[in-house]
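As structure tokens, the structure follows; a few thoughts come after it.
Just so it is clear, none of the values below were taken in a lab; they were calculated from the coordinates. Given the structure is predicted, the values throughout are model-derived calculations rather than measurements. Here the Cβ positions follow ideal geometry from the backbone for every residue, glycine too, while neighbour counts run over all protein chains shown.
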Amino acid sequence: MAEETKREVLGLKPKGDLIREAEERPLQRNPAPALALAPAGLMKGDKCEEPGPDPKPAAAPQQPTEEEEALIEFHRSYRDLFQFFCNNTTIHGAIRLVCSQHNRMKTAFWAVLWLCTFGMMYWQFALLFEEYFSYPVSLNINLNSDKLVFPAVTVCTLNPYRYTQMKGDLEELDRITEQTLSDLYKYNSFNTLGSHPRGRRFCSPLPSVLVYSWFPTPVGFQCNQNKSDCFYQTYSSGVDAVREWYRFHYINILSRLPDSFTSLEEDKLGNFIFSCRFNQVSCSQANYSHFHHPIYGNCYTFNGENNSNLWMSSMPGVNNGLSLTLRTEQNDFIPLLSTVTGARVTVHGQDEPAFMDDGGFNLRPGVETSISMRKETLDRLGGNYGDCTYNGSDVPVKNLYHSKYTQQVCIHSCFQESMVKECGCAYIFYPRPEHVEYCDYKKHDSWGYCYYKLQGAFSSDRLGCFTKCLKPCSVTSYKLSAGYSRWPSVTSQDWVFRMLSLQNNYTIKNKRNGVAKLNVFFKELNYKTNSESPSVTMVTLLSNLGSQWSLWFGSSVLSVVEMAELIFDLMVITFLMLLRRFRSRYWSPGRGGRGAQEVASTPASSLPSSVCPKLPSLASSLPSPDTSPTLTAPPPAYATLGPCPAPSSLAGASSSVFTLEEP
């Protein structure tokens, strides 16, 4: 009663009226600090702290406004991302997908149109990429004019050895050939092949058989060791059959000769070449090199790689080239092997071997042959743009010629490797590998059968030589055209032959068939260069892609960056959604959705006091007569995990936030 009297004296309402008004007064929003009882997500290990005596009100955390943005932000859904992209992108037509959203027909029309345009553009992109990765090339033709290096010119005698020198080795073969010609054609070759006793017949000790008739019939050359299989070749000409048969046995005889066995008389340049001039200057011994061919005999290469100073052509025309006067008599030729008179010539590069069989042609006696040349170069693109090799190092065939790589060098080397592998010996017309012998039927009795079988496989490319031997990336070739005229003329032949005989100390018996003249020169100094270049480069590809992008969407490179950003945002949003679902399902108790549900379902009475603070009674929170009239509220409890039990005096209050005011 004393307390009530004291309150009346001070002009305050009784305590019971204050409590009743507080229970009946509706809750009001006040910027003053309030007591928050709403459950907040407290991480595992965090605890609510009990307010101490006379606590100071804590400042409320500042909430971010709409103007404030984080360093990295992502959209909450695919819809928000799509709307943002369509409203802000520089790609034409994208904004129509969202600005017409109230008109579904327009939205559907623009969506279909936009997708069709997008598909057409990427279809064009696919065609451009397909063209680029097919690596097409363009052929560029340039016409240049400059001083030219004169090519190498090789001339051969068409007779490998003098018959008098080889007569002893060929005696047995000639007798068998004579007997065969006599049996087939009743031909007496006594005067041609030399005299020998005719009283007995010679049985052929050679492992080959020659059969011929007036109609194309098989001619057997070789059989295997057990005679179960033989090679047959069909000829319609008896001359060709006899020459091939003779040539085969001649190869066996050559394989027995030592490497140093050559005709010393023919090795002298003056016995074959009467005169040599280049660019109106006489040739010297330093301008040519010599080698011996098994069929074409002594060969001389002018301006080859061994020449100290390569010849240069600064003027075109017959007077500014190479001019040769050759001896073409056949008074001592092998009759069954050398059936052609004249000489053989070929033009090639300095660092390339002379393939007389592949690129040469014959010179006719008593005729001046003028060969005009035009130089052409071809530069191919290697790598992805074509199958070519720069130096042959990537070709699985060993270069037996030890010269510059050419496709002919590789093909001949490939056949020789197959010959050594299959037949056990080397073919005499190609370079011999180390520690390998040339084929001879006295040592390799069935090599002929193996050779002809291998030759058939080579011609049909079953050996794979044409596949292995790639084309060179850089090729220099000479286009030749020949002209012929009678030389010397009827009015000048007497003094010409007389001068040649006196100059070379050689008496020409058959004047017209004893000499030939050769001129090799550049027709013009203009030469053609063919070079390959990529048809579609990376710059061309990017230009075409940009043209297609601008055609269909009217945008630029930055629009491509926007598309990349859209794809990146889609990936991030998808990742975050999957991560949220994973955490809600598989995260440990106390975290994620399941942990929150377990904590929420726990009775409040079982929670420790350190987790849920005790709320003071309303009566104790009322001001005492000794305090100031201004009433204060306890600090808000932001760290509560769940609803704490309310005191009995607040049983009627249903809100989690309330405000105490001064009466």
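List of remarks:
- In this structure, the pairs whose alpha-carbon distance is over 22 Å, taken from Lys147/Lys471; Lys167/Lys517; Lys421/Lys453, are Lys147/Lys471; Lys167/Lys517.
- Cα shape, segment 333-457, gyration tensor, a/c 1.5 rule: oblate
- With a simple spin-label model that places each label point 7 Å from the Cα along the Cα-to-Cβ direction, the separation between Ala564 and Phe466 comes to 4.9 nm.
- Segments 338-351, 557-570 sorted - mean Cβ within 10 Å per residue, highest first: 338-351, 557-570
- Nitroxide proxy distance, nm - points 7 Å out along Cα→Cβ at Leu576 and Gln179: 10.5 nm
- Cα gyration tensor category, rounded, prolate or oblate, for segment 378-442 with a/c compared to 1.5: prolate
- Ranked by the mean number of other Cβ atoms within 10 Å per residue, highest first, peptides 415-427, 236-248, 291-303 order as 291-303, 415-427, 236-248.
- Fully extending the segment from Ser474 to Val281 would add 66.2 nm, taking 0.36 nm per residue of separation and subtracting the current Cα-Cα distance.
- Estimated at 0.36 nm per residue, the fully extended path between Thr90 and Asn140 surpasses their Cα-Cα distance by 13.9 nm.
- Prolate/oblate/rounded label for segment 318-397 (Cα gyration tensor, a/c 1.5): oblate
- Computed over segment 326-403: relative contact order in percent, which uses C-alpha pairs under 8 Å that are six or more apart: 22 percent
- For the residue pairs Lys468/Lys528; Lys375/Lys468; Lys398/Lys468, the C-alpha atoms sit more than 19 angstrom apart in Lys468/Lys528; Lys375/Lys468.
- Of all DSSP beta bridges in segment 363-503, antiparallel share, percent nearest 5: 80 percent
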